[in-house]
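Below: one structure, written as structure tokens.
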Amino acid sequence: MPEPTKTRLTLANIAVMLPIELLVHAAVVGTHLPYAAKVLVLTLTATILVIWVAEPSATRMLRTWLHAPALRHRSGSVPHRPCGGPARC
């Protein structure tokens, strides 16, 4: 599978990360933990959820959209002629 474009990969990552960050932040801020503990819980929870759960799942779900430009370019290319063209075959 070809590499996705940086723009599409960035958009997919933002779409995955933003809701998780907002939900985890809302859940942690409402607790009565000390400030340092809130930061630690927020950092660890959001990092684990985004890196090991959400991003791989989103990449699998968005595979056709992420790789579409490269696949379209590959399928629209002119086939290779091993003998140098129809005049020489």
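Of the residues making up region 3-46, those that are closer than 30 Å to residue 67 by Cα and exposed (fewer than 12 other Cβ atoms within 10 Å of the Cβ) are 3, 6, 7, 10, 14, 18, 19, 22.
Taking the listed residues 31, 64, 45, the one that is closer than 30 Å to residue 5 by Cα, modelled with pLDDT of 90 or more and of a type in the set (Ser, Thr, Tyr) is 45, with no other qualifying.
The values are calculated or read from the model by the stated rules, or taken from the named source; none is laboratory data. Worth saying up front: this structure is predicted, and the values here are computed from it rather than measured. Virtual Cβ from ideal backbone geometry, glycine too; neighbours counted across all protein chains shown.
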